[in-house]
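**Q** Have a look at this one.
The values are calculated or read from the model by the stated rules, or taken from the named source; none is laboratory data. The structure presented is a predicted model; accordingly, all values stated were derived computationally and were not measured. Ideal geometry is used to build each Cβ from the backbone, glycine not excepted, and the neighbour counts take in all protein chains shown.
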Amino acid sequence: MQIVYNTESFSDKIREYKTRGNKITLIPTMGNLHQGHRVLFSKAPNSSIKVATIYVNPLQFNNIDDYQNYPKSLQTDLEVCRQNNISLVYAPDGDVSDEIVTEKSIDLPKFTRYLCGKKREGHFLGVFKVVKYLFSIVNPDFACFGKKDYQQLLLIKYLASTYFPKTNIIDVETVRDSNNIALSSRLTRLSKESYGSTFRIYETLQNMKQELLKGTSFDKLKKESIEYLKSNDIHVEYLDVRSLITLEEETDKLKSCGIFIACHIDGVRLIDNIEI
Ligand code: PAF
């Protein structure tokens with residue numbers, strides 16, 4: 001496995017692979033790798049060269065504390081990459097925001113203003129800029145992204161179809177632990193007690209799904225679920241039923257919809273979603 005720390009060496013290595021006719025799968029990450037990332041790595045087609053990036057992108061954080069507290073563990077991450085047959089890792093050793101040149105005004109699709117886009121101002125623009133920057137260097141044949149960040153996944157699909165039409169986006173199912181907690185690097189910031197109660201998030205989503213399918217009113221379920229979570233110190237930021245295609249709110253029609261949640265526990269923000 002090779003590790004490069006600057007854009008020039010990264011571009012050189014990519015060019016070498018392409019000259020040899022290799023297909024490339026890109027797996028962008030912010031490090032602090034866990035089982036969810038291992039599964040992302042495993043979804044790269046076998047015939048391709050796996051390229052991972054490890055970069056905590058300041059442009060996508062709207063809260064400086066959140067950025068500064070984002071867990072970093074480069075040496076362990078590199079070991080995980082090695083064990084998962086990654087051929088090349090790009091891990092910039094500083095802030096590369098200055099290298100990211102974009103058009104003056106970027107018009108993101110409407111759905112980026114919903115859900116996480118409401119409270120996390122600039123978040124999706126930051127994701128868009130960094131992923132576009134990485135895609136411009138690699139122009140990958142495949143790129144893997146998880147469904148836990150469903151809104152991000154839709155944005156990446158928009159980015160690929162608009163600017164990188166030959167890149168196939170591989171959606172990867174949310175990876176959960178034995179208590180059905182959606183794996184996230186942020187979980188490491190929770191106390192043991194709070195971690196222990198996060199199973200209630202998925203439990204709530206599943207209960208809501210069953211009840212919705214039985215015909216129970218969404219408004220009633222939403223109110224009860226928020227109360228239930230609050231009584232367990234889980235504070236809901238949003239809890240919506242939305243179209244899996246447009247992310248428009250849907251309370252009556254359940255076909256091609258999902259339930260989406262963001263909540264705060266112990267000062268840590270977690271998101272999850274399930275398809276109905
Ligand atoms: O999902 C993430 O880890 C990040 O948003 C990404 C796609 C690596 C961009 O920084």
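**Q** Does Asn168 satisfy being more than 23 Å from Lys50 (Cβ to Cβ), polar (S, T, N, Q), free of Cβ contacts under 8 Å to residues at least 40 places away in the same chain and touching a Phe, Trp or Tyr at 6+ places or on another chain (Cβ under 7 Å)?
**A** no
**Q** Here is a follow-up. Can you tell me which residue is farthest from Lys148 (Cα to Cα) among those in the stretch 35-46 that are outside any loop (DSSP other than H, G, I, E, B) and not hydrophobic (A, V, I, L, M, F, W, C)?
**A** Filtering the stretch 35-46 down to residues outside any loop (DSSP other than H, G, I, E, B) leaves 35-42.
With the extra rule that they be not hydrophobic (A, V, I, L, M, F, W, C), the set shrinks to 35-38, 42.
On the way: Gln35: 13, Gly36: 10, His37: 12, Arg38: 14, Ser42: 17 Å.
Among them, the one singled out is Ser42.
**Q** Here's a follow-up. Within the stretch 208-249, can you find the residues that are charged (D, E, K, R), touching a residue at least 60 places away in the same chain (Cβ under 8 Å) and crowded, with 17+ Cβ neighbours inside 10 Å?
**A** Across the stretch 208-249, the qualifying residues are Lys209, Asp240, Arg242.
**Q** Spot the failing condition for Lys192; the list is (1) among the basic types (Lys, Arg); (2) without any contact (Cβ under 8 Å) to a residue 24 or more places away in the chain; (3) within 13 Å of the ligand (Cβ to nearest atom), and only one is missed.
**A** That leaves (3) as the condition not met.
**Q** Can you give me the ranges of the helices (runs of 4 or more DSSP H) entirely in the stretch 176-276 with at least 2 residues that are of a type in the set (Gly, Ala, Ser)?
**A** Those helices (runs of 4 or more DSSP H) span 192-197.
**Q** For the stretch 152-173, state whether one or more residues are in contact with a Pro (Cβ under 9 Å, 6 or more places away or on another chain), in a helix (DSSP H, G or I) and closer than 19 Å to Arg269 by Cβ.
**A** Yes.
**Q** Here is a list: Asn63, Asn84. Which entry is under 27 Å from Val268 (Cβ atoms), without any contact (Cβ under 8 Å) to a residue 60 or more places away in the chain and either touching a Cys at 6+ places or on another chain (Cβ under 8 Å) or surrounded by fewer than 19 Cβ atoms within 10 Å (Cβ to Cβ) (or both)?
**A** Only one candidate qualifies: Asn63.
**Q** State whether the residues of the stretch 12-26 include one that is away from the ligand (no atom under 16 Å from the Cβ), outside any strand (DSSP E or B) and within 23 Å of the chain's Cα centre (by Cα).
**A** We begin by selecting, within the stretch 12-26, every residue away from the ligand (no atom under 16 Å from the Cβ); these are 12-24.
Within this subset, residues satisfying the condition of being outside any strand (DSSP E or B) are 12-22.
From the residues that got through so far, the ones that are within 23 Å of the chain's Cα centre (by Cα) too are none.
No, the stretch 12-26 has no match at all.
**Q** Can you confirm whether Ile49 is surrounded by 14 or more Cβ atoms within 10 Å (Cβ to Cβ), part of a loop (DSSP other than H, G, I, E, B), modelled with pLDDT of 95 or more and away from the ligand (no atom under 13 Å from the Cβ)?
**A** On the way: surrounded by 14 or more Cβ atoms within 10 Å (Cβ to Cβ): yes; part of a loop (DSSP other than H, G, I, E, B): no; modelled with pLDDT of 95 or more: yes; away from the ligand (no atom under 13 Å from the Cβ): yes.
So Ile49 does not fit the description; no.
**Q** Something else: Which members of the stretch 131-153 meet the condition of being buried (at least 21 other Cβ atoms within 10 Å of the Cβ) and of a type in the set (Val, Ile, Thr)?
**A** Passing the criteria: Val131, Val138.
**Q** With touching a residue at least 40 places away in the same chain (Cβ under 8 Å), in contact with a helix residue (DSSP H, G or I) (Cβ under 6 Å, 6 or more places away or on another chain), within 28 Å of Asn62 (Cβ to Cβ) and surrounded by 14 or more Cβ atoms within 10 Å (Cβ to Cβ) as the only criterion, which of Ile259, Ile201, Ile181, Ile276 stands out?
**A** Ile259
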